[in-house]
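S.K.: I have a structure here, written as structure tokens, and I will follow up with some questions on it.
The values are calculated or read from the model by the stated rules, or taken from the named source; none is laboratory data. Note that the structure is predicted; figures quoted are calculated from it, not measured. Cβ sites come from the backbone with ideal geometry, for glycine too, and all protein chains shown count toward neighbours. Heavy atoms of the whole protein, side chains included, go into the accessibility calculation; ligands, DNA and RNA do not. Shrake-Rupley method; radii C 1.70, N 1.55, O 1.52, S 1.80 Å.
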Amino acid sequence: MQREKELAAEAAASLVEDGMSVGLGTGSTVACLLPILAARRLSIRCIATSPHTEEIARQLGMRVEPFTDIANLDMAIDGADQITPDGWLVKGGGAAHTREKLVAITTARFVVIADSSKPVDVLSGPLPVELLAFGLGSTLRRLGNVTLRDLPPSPDGGIIGDYHGPLDEPRATATRLSSTPGIIEHGLFPPEMVSTAIIGRGEQVEVRNYPRS
Ligand code: 5RP
């Protein structure tokens, strides 16, 4: 799997051009991307979706800026836990899905990198969720089917858990979760958020382009 992650990361890094603003995701596939991208020595401005990614990127000499005043990004590159043929993603295995989704909707081009274990025919749980600490018991009761992870709060103070309900109708589930008070964000990313998925398969990469590409 490591080689497949590296191949996907190399292909994605080659899409980045001098002068771009780039969102950097979180996870082991992004960890492959960072040194490859840094080695290109491009003049780019980066936004990191987690303190861990930010730390590694800075150590590699990349310019990482706070995501406060920036309203547009040229490209974001991130991993995924599941990818369906029509472009639905489950993300948040690394508990960074809230920041990752904000970066994904900000960028002109959202590129997903993955090894060959990530494509699936249909999504299945668990689905990562980030919950507001205030009213947590109420949110858990209303949602049902949520377990909390034994993790410290997210960098934004959210409580990380997993939703175990069905995901066979992802749009309906995403709509329900997004409209549930107490949920900060869930890990369902719709196809309209995704431009391209680059999937390492053996010594090859499979490139899937979605409507946003
Ligand atoms: C973090 C994520 C990751 O991108 C996702 O979990 C994939 O991680 P990895 O590349 O380690 O398989 O969504 O919140």
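S.K.: From the list R58, R41, pick out the single residue that is open to solvent by 30 Å² or more (accessible area, probe 1.4 Å), in a helix (DSSP H, G or I), more than 16 Å from the ligand (Cβ to nearest atom) and without any contact (Cβ under 8 Å) to a residue 12 or more places away in the chain.
M.R.: R58
S.K.: Can you list residue pairs whose Cβ atoms sit under 8 Å apart, with the first residue in segment 105-120 being in the same structural domain as A76 (by TED's automatic domain parsing) and the second being basic (K, R)? Count only pairs 6 or more apart in sequence or on different chains.
M.R.: Hits for this filter: R109/R212; F110/R212; I113/K5; A114/K5; D115/K5; S116/R201.
S.K.: For R63, indicate whether it is in contact with a strand residue (DSSP E or B) (Cβ under 6 Å, 6 or more places away or on another chain), of a type outside the set (A, V, I, L, M), surrounded by fewer than 24 Cβ atoms within 10 Å (Cβ to Cβ) and modelled with pLDDT of 95 or more.
M.R.: Spelling it out, R63 is indeed in contact with a strand residue (DSSP E or B) (Cβ under 6 Å, 6 or more places away or on another chain), of a type outside the set (A, V, I, L, M), surrounded by fewer than 24 Cβ atoms within 10 Å (Cβ to Cβ) and modelled with pLDDT of 95 or more.
S.K.: Still on this structure, please answer the following. Condition first: open to solvent by less than 20 Å² (accessible area, probe 1.4 Å), within 15 Å of the ligand (Cβ to nearest atom), among the β-branched types (V, I, T) and in contact with a Ser or Thr (Cβ under 9 Å, 6 or more places away or on another chain). Now tell me which residues in segment 1-34 satisfy that.
M.R.: V30
S.K.: Give just the number: which of (1) buried (at least 22 other Cβ atoms within 10 Å of the Cβ); (2) away from the ligand (no atom under 16 Å from the Cβ) does T49 not satisfy?
M.R.: Evaluating T49 over (1) buried (at least 22 other Cβ atoms within 10 Å of the Cβ); (2) away from the ligand (no atom under 16 Å from the Cβ) leaves (2) as the failure.
S.K.: Only one of these is crowded, with 21+ Cβ neighbours inside 10 Å and of a type in the set (D, E, K, R): E192, E185, E203, E169. Name it.
M.R.: Sole residue among the options that is crowded, with 21+ Cβ neighbours inside 10 Å and of a type in the set (D, E, K, R): E185.
S.K.: Conditions first: (1) in contact with a Pro (Cβ under 8 Å, 6 or more places away or on another chain); (2) over 20 Å from P155 (Cα atoms); (3) within 16 Å of the ligand (Cβ to nearest atom). M75 passes all but one, so which condition is the exception?
M.R.: That leaves (1) as the condition not met.
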